[in-house]
Amino acid sequence: MNLNADSTKPIYIQIAEWIENEIIAERFLSDEKVNSQYQLADLFNINPATAAKGLTILVEEQILYKKRGLGMFVAPEGKSIILEKRRNETLTRMAMELVLEARRLSVTEDELINLIKQENKKCEEEQNNGGN
Amino acid sequence: MVVIDCQNLQKKYKGMAALNGITFQLEDHKITGLIGRNGAGKTTLLKILAGFIRENSGEVRVFSNKPFNNLRVSANSILVDDQMSFPDSLTLADILEAAPSFYKRWDAGLAASLFDYFRLNPKQLHFKLSKGAKATFNMIFGLATRCELTMFDEPTNGMDEAVRSDFYRALLKEYIAYPRSILISSHHLAEMEHLLEDILLIHKGKVVLHQSLEEVKEYAVALQGQTDIVEKLTAEKDVLHIKQLDSHRKYAVIKKEDSLGVEGVTIQTVSATDVCMFMTSERKGGIDDVFK
């Protein structure tokens, strides 16, 4: 298993995201045990402390919960927390990129909002047409 | 538990300071990278910790004992380097057979498996080994001792790429199965940083940084952009490294802080290797300064 060592993303974040992806893909179901820090260290060829940091992030976000002496388990609402978080993060990032590009091209805020409204309208029309 | 405790450790060779006030503590069951340039004092420090040589002043404790001439430290620690010496009359097989009487946690099974895997010749004499084979054998010996404190001084010198990556993998596997305190010095931080929990960076006989690897990776940021903007942003800051990219753009590395976002300047991460290099560099512009 390979991580991107050159990525600007810290390794422990990549570990957390890998577990999140496994949960989204339902390879870990709710109340199921996920890999221990030592299994992750072996799997990804990294220091166990780094792997533990990735797990800790997910516990803090209440995606995983800890059972003393037993390990880490997927919280029942874990998957929905991940989906919610990704929606927010991805959309916010795309909005930021959109605004930056608009500024570079001297598009005003009103023009930009109109553009978004137009696109949204197109989508609605397509949906309506599809429904007929 | 603290495994190593150094307070203001000093060592001089013919009046030249090799260690010039080293102070740090190492907690148990961590893999720490001992990083520094040539002549920083890495080997001297490791030899003092192993009890091979004596400090001139300051305090050093390994397992709460003074390491020099100390049996408890000798029995529970090992220093693997290219100067390891074994009796000239013993074959490699003889050495492995004798090892358990010196190291009570010796793992003969591991030693034998690694010995086979790396295709060493049991009838070979240690002093006749090639550089690469010697490094491989010494590494096997060091891992198999399962010493509570296992130290490696430039262990991959002489090893080819494949053996290096096998060595780092074996080290990690062993550490996961039998946690111990590992201190490993290397010029090649990038090739082993995935294994490390902490970094101990020394320069001119002093500790410059002792932090977790993740902290070192986030220690600095690089600003790249128009010369005047970069200069303005870094005016009052401690600049670790600076480079003129072309006629109007500059690259500067400073300690990480928030709210640096300015238009016309991109902010980049700085790798642990670069942080260590910039922090131990004599000139802020590096080699390019020489050619100005």
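The values are calculated or read from the model by the stated rules, or taken from the named source; none is laboratory data. Keep in mind it's a predicted model, so treat the numbers as computed, not measured. Note that we place each Cβ from the backbone using ideal geometry, even for glycine, and neighbour counts take in every protein chain shown. Areas reflect the complete protein model, heavy atoms only, side chains present, ligands, DNA and RNA absent. Shrake-Rupley method; radii C 1.70, N 1.55, O 1.52, S 1.80 Å.
Yes or no, residue by residue, for (1) surrounded by 15 or more Cβ atoms within 10 Å (Cβ to Cβ); (2) touching a residue at least 60 places away in the same chain (Cβ under 8 Å); (3) part of a helix (DSSP H, G or I):
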site: B:Phe68; (1), (2), (3): yes, no, no
site: B:Arg72; (1), (2), (3): no, no, yes
site: B:Leu79; (1), (2), (3): yes, yes, no
site: B:Leu96; (1), (2), (3): yes, no, yes
site: B:Ala135; (1), (2), (3): yes, no, yes
site: B:Ala144; (1), (2), (3): yes, no, yes
site: B:Cys147; (1), (2), (3): yes, yes, no
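Residues in segment B:182-191 that are away from chain A (no Cβ under 11 Å) and either over 27 Å from B:Gly41 (Cα atoms) or open to solvent by 20 Å² or more (accessible area, probe 1.4 Å) (or both): B:His187, B:His188. Does A:Glu89 qualify as being modelled with pLDDT under 95, exposed (fewer than 13 other Cβ atoms within 10 Å of the Cβ) and more than 14 Å from every other protein chain (Cβ to nearest Cβ)? Yes, satisfied.
Results for (1) of a type in the set (S, T, N, Q); (2) farther than 29 Å from B:Thr273 by Cβ; (3) touching a Ser or Thr at 6+ places or on another chain (Cβ under 8 Å), shown as yes or no for each residue.
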residue: B:Leu49; (1), (2), (3): no, no, yes
residue: B:Phe68; (1), (2), (3): no, yes, no
residue: B:Ser77; (1), (2), (3): yes, no, yes
residue: B:Ile95; (1), (2), (3): no, yes, no
residue: B:Arg119; (1), (2), (3): no, yes, no
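Find all pairs meeting these conditions: Cβ atoms under 9 angstrom apart; at least six residues apart or on different chains; first residue within segment B:114-132 and under 15 Å from B:Leu90 (Cβ atoms); second residue of a type in the set (Ser, Thr, Tyr) and open to solvent by 40 Å² or more (accessible area, probe 1.4 Å). Once the first residue is under 15 Å from B:Leu90 (Cβ atoms) and sits in segment B:114-132, its partners that are of a type in the set (Ser, Thr, Tyr) and open to solvent by 40 Å² or more (accessible area, probe 1.4 Å) give B:Leu125/B:Ser89; B:His126/B:Ser85; B:Phe127/B:Ser85. Counting only helices (runs of 4 or more DSSP H) wholly contained in segment B:200-279, the ones carrying 2 or more residues that are open to solvent by 70 Å² or more (accessible area, probe 1.4 Å) and farther than 30 Å from B:Gln10 by Cα occupy B:227-234. With respect to B:Arg54, determine if the residue is in the same structural domain as B:Lys206 (by TED's automatic domain parsing) and assigned to a loop (DSSP other than H, G, I, E, B). So B:Arg54 fits the description; yes. Given the structure, is B:Asn38 surrounded by fewer than 16 Cβ atoms within 10 Å (Cβ to Cβ), of a type in the set (S, T, N, Q) and farther than 17 Å from B:Met139 by Cα? The answer is yes for B:Asn38.
In this entry, A:Glu97 is excluded by the filter for residues that are open to solvent by less than 50 Å² (accessible area, probe 1.4 Å), closer than 28 Å to B:Val270 by Cα and away from chain B (no Cβ under 12 Å). For segment B:1-45, the set of residues classified as among the polar types (S, T, N, Q) and more than 14 Å from chain A (Cβ to nearest Cβ) consists of B:Gln7, B:Asn8, B:Gln10, B:Asn20, B:Thr23, B:Gln25, B:Asn38, B:Thr43, B:Thr44, listed by residue number.
Look at segment B:154-181: where a residue is more than 9 Å from chain A (Cβ to nearest Cβ) and a partner is open to solvent by 40 Å² or more (accessible area, probe 1.4 Å) and assigned to a helix (DSSP H, G or I), sitting 6+ places away or on another chain with Cβ atoms under 6 Å, you get B:Gly158/B:Lys131.
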